[in-house]
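Novice: Sharing a structure with you now.
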Amino acid sequence: MNAVLGKNGSGKSTLLQIIGGHIDCERGEIILFNKDITDTSAINRSTATVFQTISLFPHLTIKENIELAIEPNALFGKKKSTLELGRKILIDFKLNELAYRYPNQLSIGQQQRVAIARAIATNPSVLLLDEPTSALDFESIKYLKSLLLELKAKKTVPICIIVSHDLHFVLSIADEIKYIDNGRLVFEGNNQAFKNSKYFIT
């Protein structure tokens with residue numbers, strides 16, 4: 001579990017979008033599992049991004065949003081394996097009771113849970129979370145923390161990178177901290193090393 005911290009405008013979210021292939025990398029290389037993916041399209045990168053502005057398909061139910069992530073052509077007929085995996089994800093993320101609701105019928109916290117479930121449904125090697133706590137209330141943040149710790153314990157996704165301003169949240173779940181200043185990586189280390197650095201400001 002990795003976290004990227006930094007001041008506003010330091011380039012945290014831009015870095016996340018470059019890793020996900022949503023913004024072109026103008027200089028340097030992006031290496032994932034010893035493979036250069038700099039010129040690989042976003043859809044072929046084995047990454048899944050949950051953006052700060054949660055983007056669910058408003059005209060689809062929660063069940064359909066997740067099934068579409070598993071099988072892009074699911075709206076035109078679903079494979080049995082898609083239905084089975086969709087049911088499993090709904091249960092794993094405690095969404096089965098919300099399966100036939102639409103995004104606008106859910107709270108922000110519930111919408112984010114769906115967005116993360118949908119991202120996991122694509123079976124990514126890297127999960128990218130952009131400011132996941134920014135619009136959540138205290139109870140939703142507590143649930144998000146428990147959810148991410150569960151994903152971490154189960155090793156559901158090999159790598160998770162979180163961009164956040166919420167220092168308390170980050171320190172409670174991340175193993176490694178990266179600090180960016182003006183587009184440059186100026187610190188990299190574990191939680192304790194970060195707490196002892198000049199970049200740790202409570």
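Coordinate-derived values only; no laboratory data. Please read all numbers here as calculations on a predicted model, not as lab measurements. Please note: Cβ atoms are built from the backbone with ideal geometry, for glycine as well, and neighbour counts cover all protein chains shown.
Novice: Can you show me the helix-derived [θ] at 222 nm for the chain, built from DSSP H runs with n ≥ 4 at -39,500 (n - 2.57) apiece and divided by the number of residues, rounded to the nearest 500. List each step's numbers first, then the result.
Specialist: Values: 7 runs with 74 residues, N = 202.
My calculation for the chain gives -11000 deg cm²/dmol from helical runs alone.
Novice: Can you sort Ile62, Ile18 by how many other beta carbons sit within 10 Å, fewest first? Can you show the working numbers first?
Specialist: On the way: Ile62 29, Ile18 17.
Ordered by Cβ neighbours within 10 Å, fewest first: Ile18, Ile62.
Novice: By a straight-distance test (C-alpha under 17 Å), which aspartates and glutamates pair with Lys7 as possible cross-link partners, with residues fewer than eight away in the same chain excluded?
Specialist: Reachable aspartates and glutamates: Asp130, Glu131, Asp166, Asp181, Glu188.
Novice: Express the relative contact order of the chain as a whole percentage, based on alpha carbon pairs under 8 Å and six or more residues apart in sequence. Before the final figure, lay out each step's value.
Specialist: Values: 287 pairs, mean separation 65.0, N = 202.
Here the relative contact order equals 32 percent.
Novice: Also: Roughly what percent of Cα-Cα pairs across region 1-62 reach past 14 Å? Don't skip to the end; give the middle numbers.
Specialist: Details: 1226 of 1891 pairs.
In whole percent, the long-distance tail amounts to 65.
Novice: Moving on to the next point. Name the most mobile residue of Ile37, Ile161, Ile19, meaning the one with the largest mean-square fluctuation, in a Gaussian network model of the chain with Cα contacts below 10 Å.
Specialist: Among Ile37, Ile161, Ile19, the largest mean-square fluctuation in the Gaussian network model of the chain belongs to Ile37.
Novice: Just to be sure I understand, if you calculate percent of Cα pairs over 23 Å apart for this structure, which of (i) 46; (ii) 49; (iii) 53 do you get?
Specialist: Calculated percent of Cα pairs over 23 Å apart: the matching label is (i).
Novice: Tabulate in residue order the Karplus-calculated ³J(HN,Hα) for region 176-187, using 6.51 cos²θ - 1.76 cosθ + 1.60 with θ = phi - 60°, rounded to whole Hz; enter x for Gly and Pro.
Specialist: Rounded to whole hertz, the list is 10, 10, 10, 10, 10, 9, 6, x, 10, 7, 10, 8.
Novice: Quick check for region 67-147: number of Lys pairs with alpha-carbon distance under 16 Å, counting only pairs 8 or more apart or on different chains?
Specialist: Details: Lys78/Lys88; Lys79/Lys88; Lys80/Lys88; Lys94/Lys142; Lys94/Lys145.
Count of close lysine pairs: 5.
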